[in-house]
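The values are calculated or read from the model by the stated rules, or taken from the named source; none is laboratory data. In this text, all values refer to a predicted model and were calculated from it rather than measured experimentally. Virtual Cβ from ideal backbone geometry, glycine too; neighbours counted across all protein chains shown. Each accessible area value is taken on the protein alone, full model and side chains, heavy atoms only, with ligands, DNA and RNA left out. Shrake-Rupley method; radii C 1.70, N 1.55, O 1.52, S 1.80 Å.
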Amino acid sequence: LCFVASRAHGACTALAAMEVVITGLFFLLYLLKLDRRLSGLFWPLADIFNSVIAALFLLVVCLFAVIIKTNNGTLAGGVFGLVLLVLCVVDAVLLFQKISLGGPRGRNTSAK
């Protein structure tokens, strides 16, 4: 929203919109439990890949936005983007720790 309000470069706005759409699609995928129906892809690994790619894109775009700082909106968008970058990295690390590549893919509901 900050990039749109400040009329920043198209790349900044396009990246932010793209990440909102992709994150929304992953949210719907897990919410509607489509990941269980579409079992051909290991969805948590795809989610990790998305987080890492998003973090790299955000690093480049937000550093440019903070360095150039055309106006206060661009600066705010860059700072919020850097916060989002940290959240993407945390998401990737937590998901990577949670998945087991060699073990079963189902949920363990038995409590011992």
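Here r is the Cβ-Cβ distance between LEU28 and VAL79 and R0 is 35 Å; the resulting FRET efficiency, rounded to 0.05, is 0.75. Note on exposure: THR13, THR23, THR74 ranked by accessible area (1.4 Å probe, complete protein assembly) read THR23, THR13, THR74, with the most exposed listed first. A Förster distance of 30 Å, applied to the separation of the beta-carbon atoms of SER39 and LEU94, puts the FRET efficiency at 0.85. Within the full protein context, the accessible area of ILE68 is estimated at about 100 Å² for a probe radius of 1.4 Å. Residues in segment 82-99 carry Karplus couplings, in order, of 5, 5, 5, 4, 4, 5, 5, 5, 4, 4, 5, 5, 5, 5, 5, 5, 7, 7 Hz; the curve used is 6.51 cos²θ - 1.76 cosθ + 1.60 with θ = phi - 60°, and Gly or Pro positions show x.
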